[in-house]
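Take a look at the structure below.
Throughout, read-outs are computed from the coordinates displayed, never taken from laboratory work. Since the structure is predicted, the reported quantities are computational estimates derived from the model, not experimental observations. Methodologically, a virtual Cβ is constructed for each residue, glycine included, from the backbone with ideal geometry; neighbour enumeration extends over all protein chains shown.
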């Protein structure tokens, strides 16, 4: 089953994994030290993140390191951009209202 990136980031553990590997590549064992869950559970999360192409594997000797696919994160940013425009517009409108109210108090 092919998952999309929004399914991947819906889970708080996967978001935490993304945050950790954004700082540095990590092995599943190193990642599991940061969570109160089994290494197998972390491996399942990593598999989902890999399927969604948010992380990639890099073999270094006998170890597998997981790295963030920053380009894939752009899809999330692109989707959020439409909401940023709405928020900026609403904040601008609020700023206008506050300026009017401020002038009325004087």
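Placing a label point 7 Å from the Cα of residue 63 along the Cα-to-Cβ line, the residues of segment 18-38 whose backbone N sits under 11 Å from it are 25-31.
Within the listed set 31, 67, 94, the residue fluctuating most in the Gaussian network model of the chain (springs between alpha-carbon atoms under 10 angstrom) is 94.
Explain nothing, just the number: relative contact order of the chain, from Cα pairs under 8 Å at least 6 residues apart, as a whole percent.
Values: 83 pairs, mean separation 26.9, N = 106.
Rounded, it is 25 percent for the chain.
Of the residues 89, 43, 32, the one with the fewest other Cβ atoms within 10 Å heads the list, and the complete ranking is 89, 43, 32. As a proxy for reagent exposure, 59, 34, 45 were ordered by neighbouring Cβ count within 10 angstrom, fewest first; the result is 59, 34, 45. Taken over the C-alpha atoms, segment 5-105 has Rg and Dmax values of 20.0, 71 angstrom.
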